[in-house]
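Student: The structure that follows is given in the form of structure tokens.
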Amino acid sequence: MIEHFSYIVTVFLMITGLFIVMARGNLIKKLIGLSVFQTSVYLLYVAPGKLVGGTAPILAPQYSVYSNPLPHVLILTAIVVGVATLALGLALAVRIREAYGTIEEDEITELDNKVEVLEEQTGPRP
Amino acid sequence: MAFAVLALARTRNLFAAVVLSGAYSFLMATVLVALDAVDVAMTEAAVGAGVSTVLLLGALHLCKSDEAKPAHRPWLPLSVSVATAALLVYGAMGLPDFADPQAPIHQHVAPRYLQNEVDVPNVVTAVLASFRGFDTLGEVTVVFTAGAGIIALLRRRKHKRAGDGQ
């Protein structure tokens, strides 16, 4: 059990992120949950690369045991890509706020339903 | 870190949520230092805690900062989450132990990366720029696409505003 502690922490963070994404209607809150989920994936990748007694993978003559550098590289890429997608998601949220006046999922669905009912009554908009 | 995340899930004030996610990112950076991933920790502190927080605050400035109360209790998402967690923990039990030197991750290409073939002491930099250079090129493409998308989204809004004014 104790050997798998890092995986359990990862799963806990992942699930909290997933829960925020599913349960909260606010778009910005959903994006925060998505970034929590993403951070748990960083942990999932980096934790197995650690070795007891190892040091950071910067070569020096006095050390011989290093942590695995490959997950670090992959996660560096993932962090930068994650911030780019977060920025794109926030831009979409701001745009939705411009169009609907709200960023709550329920209210947006309600507005969409109202528009549909209106179109059925009066025909499609030009 | 667990407290920060749980508070994050509970709070309805979006400003508090943004500040908590910044604190969470710094905590994650310290955990990454403990796991010997110093480059990743530095990037996480700068990008995750810095740039992300600024972006979220900017978006909050343009939207309102309080979340509506949900109409019903989130039982369905909660049960789905718990079921997924149970499945993932069950799966994780089959993975190699923490810090096991015989784990497959330490047997494959990592020993070759650590032989210092490109004469750069920081192996992470060497792998990023040399062995996996195409990955970095793809990353730049993604960032460029995201930037172009943001400009396209927010620019249209300005045109529309100018049209409204006329």
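The values are calculated or read from the model by the stated rules, or taken from the named source; none is laboratory data. Computed from a predicted structure; not experimentally measured. Because the Cβ atoms are built from the backbone with ideal geometry, glycine has one as well, and the counts that use them run over all protein chains shown. Only protein heavy atoms, including side chains, enter the accessible area calculation; ligands, DNA and RNA are left aside. Shrake-Rupley method; radii C 1.70, N 1.55, O 1.52, S 1.80 Å.
Student: Picking from A:Ile58, A:Ile79, A:Ile103, which residue would you name as being in contact with a strand residue (DSSP E or B) (Cβ under 7 Å, 6 or more places away or on another chain) and closer than 30 Å to B:Arg112 by Cα? Quick ask: steps written out before the conclusion?
Tutor: Working: A:Ile79 fails: in contact with a strand residue (DSSP E or B) (Cβ under 7 Å, 6 or more places away or on another chain); A:Ile103 fails: closer than 30 Å to B:Arg112 by Cα.
Just one listed residue meets the conditions, A:Ile58.
Student: Taking the range A:26-60 as the region of interest, how many residues are open to solvent by 20 Å² or more (accessible area, probe 1.4 Å), more than 16 Å from B:Phe98 (Cβ to Cβ) and not aliphatic (A, V, I, L, M)?
Tutor: 5
Student: Any idea which of (1) hydrophobic (A, V, I, L, M, F, W, C); (2) closer than 25 Å to B:Leu76 by Cβ; (3) in contact with a Phe, Trp or Tyr (Cβ under 8 Å, 6 or more places away or on another chain); (4) at the interface with chain B (Cβ under 7 Å from one of its Cβ atoms) is the one A:Ile8 doesn't satisfy?
Tutor: Every listed condition holds for A:Ile8 apart from (3).
Student: Among the listed residues B:Ala71, B:Ala86, identify the single one that is at pLDDT below 75 and either assigned to a helix (DSSP H, G or I) or open to solvent by 70 Å² or more (accessible area, probe 1.4 Å) (or both).
Tutor: Details: B:Ala86 fails: at pLDDT below 75.
None of the other options fit; the residue is B:Ala71.
Student: Another question about this same structure. Of all the residues that make up the range B:24-48, how many are at pLDDT below 85 and small (Gly, Ala, Ser)?
Tutor: Within the range B:24-48, residues that are at pLDDT below 85 and small (Gly, Ala, Ser) number 3.
Student: Moving on to the next point. Would you point out the residue of the range B:110-133, among those that are hydrophobic (A, V, I, L, M, F, W, C) and assigned to a loop (DSSP other than H, G, I, E, B), that is farthest from A:Gly54 (Cα to Cα)? First the steps, then the outcome.
Tutor: Step one: filter the range B:110-133 for residues hydrophobic (A, V, I, L, M, F, W, C), giving B:110, B:114, B:118, B:120, B:123-124, B:126-129, B:131.
Right, trim to assigned to a loop (DSSP other than H, G, I, E, B) and you get B:114, B:118, B:120.
Details: B:Leu114: 13, B:Val118: 22, B:Val120: 19 Å.
Checking each candidate, the answer is B:Val118.
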